[in-house]
Amino acid sequence: MGRIHCEWGLAGIEALRDQVAVLVIVDVLSFSTAVDIAVGRGGEVVPHAYGDLAAAKRRAEETGALVVDPRRAKGGQFSLSPASLMGLNPGQRIVLPSPNGSRLSLSGGAAQVVCAGLRNATSAARCAQLLAGGSDVAVIPAGERWPDQSLRPAMEDLIGAGAVIDAMEGDLTPEAGLAHRAYRAIRDRLEQEISGCLSGQELIQRGFEADVGLACQLNVSGTAPVLSSGIYRDHAGA
């Protein structure tokens with residue numbers, strides 16, 4: 001069984017993508033949770049880097065998809081809010097712009113890319129190691145951004161990465177071991193801790209408490225979203 005690595009964000013991907021067979025992207029609040037819900041409902045997700053709506057629309061036309069609002073929205077429209085995607089129909093394909101998870105998903109180079117959160121930590125972990133075929137795997141907590149665009153390590157992504165690592169077999173790098181221990185330290189109070197962290201509080205104060213609750217549900221989903229030709233599909237259900 002290969003070694004399990006864990007490094008943060010885009011720099012972590014760039015450091016590891018040529019050394020590992022599989023990258024597991026973890027962006028708990030909320031890209032990974034949105035992907036899990038969409039794929040779990042039989043949908044497909046086209047990740048798209050945030051910031052160029054015209055390019056997102058062109059990508060939607062190329063892939064026969066619907067562009068969802070990159071801002072969290074209420075009122076029945078699909079958006080980056082995971083709760084909004086609970087109404088997605090089987091077979092629907094969406095373009096999902098996001099500032100972190102989408103950009104990281106598209107930066108994997110030759111490595112295979114899997115999307116994981118707390119909801120599907122075990123199924124995604126098992127899929128990643130199956131795809132790796134005994135080679136190394138890297139689990140990548142996405143993190144957030146400070147106003148100057150520098151990386152802000154996000155507690156919920158560290159915990160999500162640790163949950164994925166907890167379901168894997170193999171030797172851990174020290175960084176992967178730290179994420180694993182952090183997850184185990186709070187796994188019995190995930191919602192309490194993540195609701196209280198900076199990212200969780202930001203969402204709750206904006207009225208998206210339901211998104212936080214969905215993101216904190218541990219292993220309630222059997223999906224394993226794998227990126228193929230730029231589209232996340234459920235490998236577990238393939």
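Things worth noting here:
- Solvent-accessible surface ranking, highest first, for Phe78, Phe31 at 1.4 angstrom: Phe78, Phe31
- Of the trypsin sites (Lys or Arg not before Pro) in segment 31-132, those whose Cβ has at most 16 other Cβ within 10 Å and which sit in DSSP loop: Arg71, Lys74
- Based on protein heavy atoms only, segment 1-59 ends up with 37 Å² per residue of surface accessible to a 1.4 Å probe.
- Protein-only accessible surface at a 1.4 angstrom probe places the residues Ser199, Ser135 in the order Ser135, Ser199, largest first.
- Distant-in-sequence amide H partners of Leu96 (H built 1.01 Å from N, under 5 Å): Val46, His48
- The heavy atoms of Met86 offer some 90 square angstrom of accessible surface to a 1.4 angstrom probe.
- Among Val114, Val46, Val220: highest mean-square fluctuation, GNM of the chain, C-alpha pairs under 10 Å: Val220
- Within the chain, DSSP assigns beta bridges of which about 25% are antiparallel (rounded to the nearest 5).
- In percent, rounded to a whole number, the relative contact order of the chain is 32, using alpha-carbon pairs under 8 Å and six or more apart.
- For the chain, calculated [θ]222 nm from helices alone, where every DSSP H run of n ≥ 4 adds -39500 (n - 2.57): -11000 deg cm²/dmol
- Per residue solvent-accessible surface (Å²) - segment 132-238, probe of 1.4 Å: 46 Å²
- Plainly put, the chain has a radius of gyration that is 0.93 times its Kirkwood radius, both from alpha-carbon atoms, as the Rg/Rh ratio.
- Charges were assigned to the Cβ only: +1 to each Lys and Arg, -1 to each Asp and Glu. The resulting dipole of segment 90-238 about its Cα centre is roughly 300 debye.
- Within segment 1-115, the proportion of C-alpha pairs whose separation exceeds 26 Å stands at 20%.
- Share of carbon and sulfur in the accessible area of the chain stands at 48%, probe radius 1.4 Å.
- When nucleic acids and ligands are ignored and a 1.4 Å probe is applied, Glu191 ends up with an accessible area of around 100 Å².
- Cα gyration tensor, segment 126-207 - rounded (a/c under 1.5), prolate or oblate: prolate
- Residue-wise HN-Hα couplings along segment 126-135, as the Karplus relation 6.51 cos²θ - 1.76 cosθ + 1.60 with θ = phi - 60° gives them from phi, are 5, 4, 4, 6, 5, 5, 5, x, x, 8 Hz; Gly and Pro carry x.
- Around the amide H of Val139, modelled in the peptide plane, lie the amide H atoms of His5, Cys6, Glu7, Val24, all under 5 Å away and 5 or more residues distant in sequence or on another chain.
The values are calculated or read from the model by the stated rules, or taken from the named source; none is laboratory data. Bear in mind that the values here come from a model prediction, so they are computed numbers and not experimental data. Neighbour counts are summed over all protein chains in view; Cβ atoms, including those assigned to glycine, are modelled from backbone coordinates with ideal geometry. The area values use the complete protein model at the heavy-atom level, side chains included, leaving out ligands, DNA and RNA. Shrake-Rupley method; radii C 1.70, N 1.55, O 1.52, S 1.80 Å.
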